[in-house]
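Heads up: the structure comes next, in structure tokens.
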Amino acid sequence: MTKKQIALMAVEALKNEYPDSICSLEYTDPLQCLVATRLSAQCTDARVNMVTPALFERYTCARDFAESTPEEVSDYIRSCGLYKTKSKDIVAMARVLCDKYDGEVPSTLDELIALPGIGRKTANLVMGDIFHMPGAVVVDTHCIRITRRLGLHDETDQKKIELILRRLLPSDESNDFCHRLVLHGRAVCTARKADCENCCMTGFCRKKP
């Protein structure tokens, strides 16, 4: 069985197991998605969702963030961890958005990763969830672990994994596939143990460590 075949079978198996493929972060517009995803680094989505309502009530647009200070923003996100770095990135990012994009969030990978604090994972999530661009691959810890266990790669580098999966996955399925990996990684194929007996992919998974 080829890696391409395994990837296609995984797409279908997860689609049947988790028909609703939604991001667990809560947001209402592109800027909120960008900020929430930045906050989620080394922090649970549940914690981010507890923090963002007050944050987004205070800062309703990029100009609000741009005219603030990292110290003020940090008061709202202190419980997210690494809040000093994140608050600096958010303010700096908002200032770039105002200066270069009239306060709007750009839609291309190159533009997004050029923003302060924004990496490929965040950029791909914004591209897929907000702009519905085909081929977006969000490589988080669940994605790395499960696709490695499936035998789709032997990599640890996020960019390399992203490029491999982009070749293996149907472009119109890749974004939803990554969301489903998160759900599966939390419920069945956890970091602590792969619950193979209850896994929808056990028939073709190579169960690599």
Checklist outcome for this item: Put in order of increasing Cβ neighbours within 10 Å, starting from the fewest, ILE77, ILE90 give ILE77, ILE90
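Where does each of MET1, MET201, MET50, MET133 land when they are ranked from fewest to most other beta-carbon atoms within 10 angstrom? Display every interim value, and only then the final one.
Values: MET1 9, MET201 22, MET50 13, MET133 16.
Sorted ascending by nearby Cβ count, the order is MET1, MET50, MET133, MET201.
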Item to check | FRET efficiency, 1/(1 + (r/R0)^6) with R0 30 Å, evaluated for LEU82 and ARG58 via beta carbons | outcome: 0.90
Next on the checklist: If I stretch the segment between HIS132 and SER171 completely, what's the gain in nm (0.36 nm per residue apart, minus their alpha carbon distance), one decimal?
Outcome noted: 13.0 nm
Checklist entry - Can you work out the FRET efficiency for the pair GLU155 and ASP29, with r the C-beta to C-beta distance and R0 = 35 Å, to the nearest 0.05? => result 0.55
Checklist entry - Between region 28-81 and region 170-202, how many Å separate their Cα centres? => result 28 Å
Item to check | Helix-only CD estimate at 222 nm, as mean residue ellipticity for the chain, using -39500 (n - 2.57) per DSSP H run (n ≥ 4) | outcome: -17000 deg cm²/dmol
Next on the checklist: Can you sort SER87, SER24 from fewest to most other Cβ atoms within 10 Å of each residue's own Cβ?
Outcome noted: SER24, SER87
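Which of rounded, prolate or oblate describes region 30-130 when judged by the alpha-carbon gyration tensor and an a/c cut-off of 1.5?
Oblate.
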Checklist entry - What are the residues whose amide H is under 5 Å from the amide H of CYS189, where those residues sit 5 or more places off or on another chain and H is modelled from the backbone? => result ASP195
Checklist outcome for this item: Applying the gyration tensor rule to the Cα atoms of region 1-58 (axes a ≥ b ≥ c; rounded if a/c under 1.5, else prolate if a/b exceeds b/c, else oblate), the class is prolate
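Kindly give Rg over Rh for the chain, based on alpha-carbon atoms, with the Kirkwood expression for the hydrodynamic radius. Each step should come with its number before you reach the end.
On the way: Rg = 17.8 Å, Rh = 17.8 Å.
In the chain, Rg relative to Rh is 1.00.
Using a Förster distance of 30 Å, how high is the FRET efficiency between MET1 and ALA187, based on the Cβ-Cβ distance and rounded to 0.05?
Numbers: r = 25 Å, r/R0 = 0.83.
E between MET1 and ALA187, to the nearest 0.05, is 0.75.
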Checklist entry - What pairs in LYS3/LYS193; LYS121/LYS159; LYS4/LYS160 have C-alpha atoms more than 20 Å from each other? => result LYS3/LYS193
Checklist entry - Picking from CYS98, ALA114, LEU31, whose Cα lies most toward the positive end of the charge dipole for the chain (charges on Cβ: Lys, Arg +1; Asp, Glu -1)? => result ALA114
Checklist entry - Going through the DSSP H helices of the chain, which span 24 Å or more along their own axis at the Cα atoms while scoring at least 0.0 as a mean Kyte-Doolittle hydropathy? => result none
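Each reported figure results from applying straightforward, stated rules to the coordinates on display, with no laboratory input. Keep in mind that this is a model prediction, so the values were computed, not measured. Because the Cβ atoms are built from the backbone with ideal geometry, glycine has one as well, and the counts that use them run over all protein chains shown.
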